[in-house]
Amino acid sequence: MDLTRRDILKASTVVAAGLGLQSAGVLKLERAFGLESTAGGLSVIWIQGQSCSGCSVSLLNSIYYDTIDHLLTSTLDLNYHPTIMAAAGRTAQAAAQAAYARGNYVLVVEGAIPTGANGNYCTIWDGMTAQTAVRRYASRASYIVAAGACASFGGMAGGSPNPTGAKSVKAILAQQTGGRHSDDHESDEDHASTPPAFSAPLVNLPGCPVHPDWIVGTIAYILANGKAPSLDANGRPTDFYAETVHSHCPLLGSVEATTLGEGFHCLRGLGCHGPTTYADCPSRKWNSPAAGTPGVSWCVLAGSPCIGCTEPTFPDGMSPFYFGPRVGGA
Ligand code: SF4
């Protein structure tokens, strides 16, 4: 099925509405997409560090596009993504380098970045550690998006005892000195060109995984407004992370459960972190069946205490995720 940019716009206006964009914002979105334009979409370089690829899978679950091809080649010009792109090896590497040379792209980082062993716990290709890659590709990016809990704050990879020295994108870039780092194993190409310090806005989209709307909505906002969305103190878009899970939970005010599986009972006594976790999961939910329709469920509605996966202290500060008797009192 061939889709036009008008189709993209229709789909994206749903996201825009979710972002609270009014008609003026939608018009900006229309202009940004340029219905008469035949140029490709927003250039994206997507780097995977220490990740389970769950955030990439979540992106592919976006229902705002009839086909994922459409999202990746029309709205986004996904120049490099190690697990989605058809190209491999040197061809894929060359695509990333070409996008880097052109500049003016969105750098998306998925996964934490290991700093132990000179970054060699994770290499994205020969001679290029994830650590070096993040610094290098951030230097010519217009925007940087940390997709998921690991890229945003270290996440599971950065949990105690953190044997690989995993860090967030922000922490890696904070170490940027504007020159080649003695702890980096860089390729010959890197030796020839020293990347400058990064200056692009960094948007954190924590969650384990990140919600597909949070990625697509953030990119739609950037396209529509030519700037990063409003962010909270932790670098998260306020459109998605302004209020606590607890504040909109359908179980708010119900009696507290004493064990899992009791039904429509508040899970606070079992360790629910909803009161200190900021995300719009209760209203947005997950696994939407159709564009413009809330998802079908989310962790608490499925009977699990919120584990606080959108917070900087996840997972160590949110542990234990659950306390109390097991289902059935065992
Ligand atoms: Fe708050 Fe969790 Fe209870 Fe919901 S289940 S009302 S998020 S403490």
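General observations
- Under-5 Å amide H pairs with Asp77, H placed in peptide plane, nonlocal only: Gly41, Leu42, Ser43, Val44
- Figure note: His273, His265 ranked by solvent-accessible area, largest first, 1.4 Å probe, ligands and nucleic acids not counted: His265, His273.
- Per-residue Karplus couplings for the stretch 124-130, computed as 6.51 cos²θ - 1.76 cosθ + 1.60 with θ equal to phi - 60°, are listed in order as 8, 7, 3, x, 10, 6, 4 Hz, Gly and Pro entered as x.
- Label positions at Val57 and Asp77, each projected 7 Å from the Cα along the C-beta direction, are separated by 3.1 nm.
- Modelled spin-label separation between Leu231 and Trp125, with each label point placed 7 Å from Cα along the Cα-to-Cβ direction: 2.8 nm.
- Thr238 versus Ala290: modelled label distance in nm, points set 7 Å from Cα along the beta carbon direction: 3.4 nm
- Among the chymotrypsin sites (Phe, Trp or Tyr not before Pro) found in the stretch 212-265, those both in a DSSP coil and sparsely packed, with 15 or fewer other Cβ atoms within 10 Å of their Cβ, are Phe264.
- 13 Å beta-carbon shell around Asp213, net charge (K/R +1, D/E -1): 0
- In a reduced charge model with +1 at each Lys and Arg Cβ and -1 at each Asp and Glu Cβ, the stretch 243-330 shows a dipole moment near 180 debye about its Cα centre.
- Counting only heavy atoms of the protein chains and using a 1.4 Å probe, Val245 has close to 10 Å² of accessible surface.
- Dimensions of the stretch 190-330 from C-alpha coordinates, computed as largest minus smallest value along each principal axis and given longest first, are 63, 37, 23 Å.
The values are calculated or read from the model by the stated rules, or taken from the named source; none is laboratory data. These numbers were taken from a predicted model, which means no experiment stands behind them. No Cβ is skipped: glycine too gets one built from the backbone with ideal geometry, and neighbour counts run over all protein chains shown. Note: areas computed on protein heavy atoms with side chains; ligands, DNA, RNA excluded. Shrake-Rupley method; radii C 1.70, N 1.55, O 1.52, S 1.80 Å.
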